[in-house]
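Below is the structure I would like to discuss, written out as structure tokens.
Nothing in this text is a laboratory measurement; each read-out follows from the coordinates by a stated rule. Nothing here was measured: the structure is a model prediction, and the numbers come from that model. Positions of Cβ are backbone-derived with ideal geometry, glycine not excepted, and every protein chain shown enters the neighbour counts.
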There are 2 protein chains.
Amino acid sequence: MKKVFVLGSTGSIGVNCLNVISNLKYDFEVAGLTVNSNTQLLLEQIREFNPKVVVVRDESAAKKISGKIPKGCELLIGEDGLIKAAVETEYDIFMGAMVGFAGLAPTLEAIKRGKRIALANKETLVVAGEIVTKLVLENSAEIIPVDSEHSAIYQCLVGENLEVVEKLILTASGGPFRDKDKSFFETATVDEALNHPNWKMGSKITIDSATMMNKGLEVIEAHWLFGLPAEKIEVVIHPQSIIHSMVQFVDGSIKAQLGLPDMKLPIQYALTFPERVRNNFDRTDLPAIGSLTFYEPDLNKFECLKLAFDALNTGGTAPCILNAANEVAVSKFLLKEIKFSHIPLLINKALDKVENNLSPNLGTIFECDKVTREYVNQII
Amino acid sequence: MKKVFVLGSTGSIGVNCLNVISNLKYDFEVAGLTVNSNTQLLLEQIREFNPKVVVVRDESAAKKISGKIPKGCELLIGEDGLIKAAVETEYDIFMGAMVGFAGLAPTLEAIKRGKRIALANKETLVVAGEIVTKLVLENSAEIIPVDSEHSAIYQCLVGENLEVVEKLILTASGGPFRDKDKSFFETATVDEALNHPNWKMGSKITIDSATMMNKGLEVIEAHWLFGLPAEKIEVVIHPQSIIHSMVQFVDGSIKAQLGLPDMKLPIQYALTFPERVRNNFDRTDLPAIGSLTFYEPDLNKFECLKLAFDALNTGGTAPCILNAANEVAVSKFLLKEIKFSHIPLLINKALDKVENNLSPNLGTIFECDKVTREYVNQII
């Protein structure tokens, strides 16, 4: 019986993860759950999965349910609670399903314990890729990616040698605005940006998909996961989201992984790898789908994607600045404080103004994240 | 330095194979070459590759060049020469690039010697799959498929476990007649049938592609190569021939191998496996290709494909009867003795009339092949 700790259990990935664990209940059980503030869903999850520990990050939300936690389940609170749970709970697999920079610290604790990290939190590798990669090696931990793109590449690389990879081809749906002109970005509303054609996801990642920053973060993540430079990572728009990504080898052969746009498959793979376990998920019916199309992304239109490539090439804390500025800009857009077209402008300003530390340690990364947020918050 | 024996060096696969060996000349050399009757090209190949032995199957063609063979190269003649060369030549890899049933006997000799068989000759597995598979195991030989479809599946299975395969999805271009009505088959000419949209191949296999018997033979071949029953092997029409085939696993994940329609890539893979070696073959540019399409084959229209599935399910010598009848019918069509629409009719008659031996040995297979050919030849 494998024990799974789910960091961020009420988000889209977390809920899908528990769904997968239900299907695999003879081999997997839940060791711990953490949420930000959705305590209502947490209580349901506690009843169904009987975790030993739960963490509520928001302190006032935590206080409201402290009387409702069943015996045998410990309630921890706040950032400290997240760290304590990641450090002390008994688990085999750490599902990093929390969105944003805040997922970094508890994930680092799981890595230090040499656990398997099923990684859905992009920011862990985006902001601290070099440090995380080193820490994984030192502690014999392992990262199995959960993002459908990186899971696809991981699957295509099984039995292959990284040294004979010519390039990675990340596919991108192009998001809700793939067929819009750049001028449309001046008037794009929050509702329009949240209307993703293929994937049902949280609001932060859906906006990132509309700006294509999501793909930019994935390029940086792929760089650290697979050890390849930016020039060996390509992005192709594939509106149907059926080919989840591809690997091209030095002999010209390309391997691709296909599936429906459903996170349950890459989540299950990250839990069961190297095994594949039978399930009743819907199957991909290519004749019914009919056509898969591909075209190159317009980097002039999707400036965030270009900014991400640039930040990866710059290195140091540039990806951290990129990510922090993007998090603030996206939340400002969601609050209707800025236009959609202002998102790349704010990120670009931050990359220009916040000092880049080319040899960062964890301390300077946390500091850089903080400084960048402060900087972007005071721009307008 | 690996030594390669090329059975059928002047056909399409053979010429491509020598082309690949030229590119890999620091690691591979030619041990032997065999041809049917194209001695002019053989002499050029001898000058370029310096084989120790060559075989000319056609005796009168052989006599004409016996004086032109350079010193240090032995000339053997006829079927006996093929066997002797396969048995006695020193080589590491046997490239079975000869078309038709006649490729079986020398391939069996290479298997008995425990060699790597780079297998392009479909008939070896179609007519004698059970015997060949057993012989491969007993002699620690290995078969690496060269057909682009089977090479694709082989590549997708690297690092994966055959037990978790849910189905194989063989792609088919649909051939030159994929968009024609069945009624067109009554008047289809040899030139029309030889006009394949994607692949440049020999005439036998191009006609097989027009009838989709080629895909039928590949289904049977896939059955023996990967040990899966007919109901786990699916055919999908994919007119662009970019996805060469796919594997669907029990978790619903699909892996595909993509490349341009060029046999050099699967040939190189069969030679260098498990390595992948850098080359300068043209690369696949998905944005330039734009669209990949898929639909289900019409088994009522492509009767040969249905006959092949039926023969696989029947077992015994049924695939041998199917293959022999098809070889005779195709040559009759190429000689304009029968209509295109008669090809499945002749095969169906042979399957109906020639006795099926459900536990064949090599002797009964050779006998079945002979009897079937005689039967089909006397029908009209």
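Just to confirm a number: summing +1 for Lys and Arg and -1 for Asp and Glu over residues other than B:LEU104 whose beta-carbon lies under 9 angstrom from that of B:LEU104, what do you get?
Around B:LEU104, the charge tally is -2.
Based on the Kirkwood radius over alpha-carbon pairs, what value in µm²/s does the Stokes-Einstein equation return for the translational diffusion coefficient of region B:183-251 at 10 °C and 1.306 mPa s?
D, rounded to a whole number, is 114 µm²/s.
So what does log10 I(q)/I(0) come out to for region A:169-215 at q = 0.25, 0.26, 0.27, 0.31 Å⁻¹, using the Debye formula with one equal point on every Cα and no solvent?
-0.90, -0.97, -1.04, -1.30
How would region A:231-376 be classified by its alpha-carbon gyration tensor: rounded, prolate or oblate, with rounded meaning a/c under 1.5 and the a/b versus b/c comparison settling the rest?
In terms of gyration-tensor shape, prolate.
State the percent of C-alpha pairs, over all pairs in region B:133-199, separated by a distance greater than 16 angstrom.
67 percent
Compute a Gaussian network model of chain A, connecting alpha carbons closer than 10 Å, and tell me which residue from A:ASN161, A:ASN326, A:ASN198 fluctuates the most.
A:ASN161
Place a point 7 Å from Cα of A:LYS200 in the direction of its Cβ. Which residues in region A:13-34 have their backbone N less than 16 Å from it?
So the set is A:13-20.
Using only the alpha carbons of region B:96-251, what is the convex hull's orientation-averaged projected area in square nanometres?
The number I arrive at for region B:96-251 is 9.8 nm².
Still on this model: Provide, in order from the shortest bin, the percent of all Cα-Cα pairs of region B:207-291 in each 10 Å bin, continuing until the bin that contains the maximum pair distance.
Spelled out bin by bin, region B:207-291 gives 13, 40, 38, 9 percent.
At most 13 other Cβ atoms within 10 Å and a DSSP loop assignment: could you name the trypsin sites (Lys or Arg not before Pro) in region B:7-94 that fit?
When the trypsin sites (Lys or Arg not before Pro) of region B:7-94 are filtered for loop state and at most 13 Cβ neighbours within 10 Å, B:LYS25, B:LYS71 remain.
Let me ask something additional. Evaluate the Kirkwood expression for the hydrodynamic radius of chain A, namely the inverse of the mean inverse distance over all pairs of different C-alpha atoms, and round to one decimal in Å.
21.1 Å
I need the shape label for region B:66-167. Rule: rounded when a/c is under 1.5, else prolate if a/b > b/c, else oblate, with a, b, c from the alpha carbon gyration tensor.
prolate
Using alpha-carbon pairs under 8 Å, 6+ residues apart, how would you state the relative contact order of chain A in percent?
15 percent
Using θ = phi - 60° and the Karplus curve 6.51 cos²θ - 1.76 cosθ + 1.60, what whole-Hz ³J(HN,Hα) does each residue of region A:77-94 get, with Gly and Pro shown as x?
Values per residue, Gly and Pro as x: 10, x, 4, 4, x, 4, 5, 4, 5, 5, 7, 9, 5, 8, 8, 9, 10, 9 Hz.
Now a separate question. Short version: what are the Cα gyration tensor semi-axes of the protein assembly as shown, square root of 5 times each eigenvalue, largest first, in whole Å?
Whole-Å semi-axes of the equivalent ellipsoid: 57, 26, 25.
A further question follows. If you take each beta carbon of peptide B:147-160 and count the beta carbons of other chains within 10 angstrom, what is the mean?
The per-residue average across the peptide is 3.
Plugging the Kirkwood radius over Cα pairs into Stokes-Einstein for region B:302-380, at a temperature of 20 °C and a viscosity of 1.002 mPa s, what D comes out in µm²/s?
174 µm²/s
If you don't mind, there's one more thing I want to ask. Distances from B:ASN300 to the same position in the other copies: list them in nm, one decimal, shortest first, using label points 7 Å from Cα along Cα→Cβ.
5.2
Right, another one. With a cut-off of 8 Å between alpha carbons and a minimum separation of six or more residues, what is the relative contact order of region B:203-328 in percent?
34 percent
Also: Return the single residue from B:GLY202, B:GLY11, B:GLY67 with maximal mean-square fluctuation; model: Gaussian network over chain B, springs between Cα atoms under 10 Å.
Taking springs between Cα atoms under 10 Å, the residue moving most is B:GLY67.
Using the scaling law 2.2 N^0.38 Å as the reference, what is the normalised Cα Rg of region A:2-145?
0.97
Oh, and also: Given the rotation relating B and A, tell me which residue in B puts its Cβ closest to the axis and the distance in Å.
Residue of B nearest the axis onto A, distance in Å: B:GLY159, 1.
I want the local charge near B:GLU221. Using Cβ-Cβ distances under 11 Å, sum +1 for each Lys or Arg and -1 for each Asp or Glu among the other residues.
-2
So if I restrict to the alpha-carbon atoms in region A:42-83, what is the Rg, and what is Dmax, the biggest pairwise distance, in Å?
Cα radius of gyration and Dmax of region A:42-83 are 9.6, 26 Å respectively.
Please list, or write none, the lysines whose alpha carbon is within less than 16 Å of the alpha carbon of B:LYS370, excluding same-chain residues fewer than 8 places away.
The qualifying lysines are B:LYS349, B:LYS353.
From the C-alpha gyration tensor of region A:241-297, pull out the three semi-axes of the equivalent ellipsoid (sqrt of 5λ each), sorted largest to smallest, in whole Å.
The equivalent ellipsoid of region A:241-297 has semi-axes of 22, 18, 10 Å.
Would you tell me the mean number of C-beta atoms belonging to other protein chains that fall within 10 Å of each C-beta in A:279-292, as a whole number?
That average works out to 5.
For region B:8-64, what is the convex hull volume of its Cα atoms per residue in Å³?
Output value, Cα hull per residue: 67 Å³.
Now for a different question. Taking A:GLY315 in one copy and the same position in all the others, each labelled 7 Å out along Cα→Cβ, what are the pairwise distances from the first, in nm, shortest first?
The answer, with the shortest distance listed first, is 6.2 nm.
Using a cut-off of 11 Å between beta-carbons, work out the net charge of the residues near B:TYR91 (Lys and Arg +1, Asp and Glu -1, B:TYR91 not included).
+2
Next question. Show me the chymotrypsin sites (Phe, Trp or Tyr not before Pro) within region B:26-114 that DSSP assigns to loop and that have at most 15 other Cβ atoms within 10 Å of their Cβ.
Listed in order of number, the matching sites are B:TYR26.
At R0 = 56 Å, how high is the FRET efficiency between B:GLU374 and B:ARG47 if r is their beta carbon distance? Nearest 0.05 is fine.
Between B:GLU374 and B:ARG47 the formula returns 0.85.
Further, regarding this structure: Whose amide H sits under 5 Å from the amide H of A:MET201, counting only residues 5 or more places off or on another chain, with H placed in the peptide plane?
none
Right, next: Under the definition of Cα pairs under 8 Å and six or more residues apart, what whole-number percent is the relative contact order of region A:2-145?
Reported relative contact order: 22 percent.
Relative to the other copies, what are the label-point distances for B:LYS336, with labels 7 Å from Cα along the C-beta vector, expressed in nm at one decimal and sorted shortest first?
Values, ascending and in nm: 7.8.
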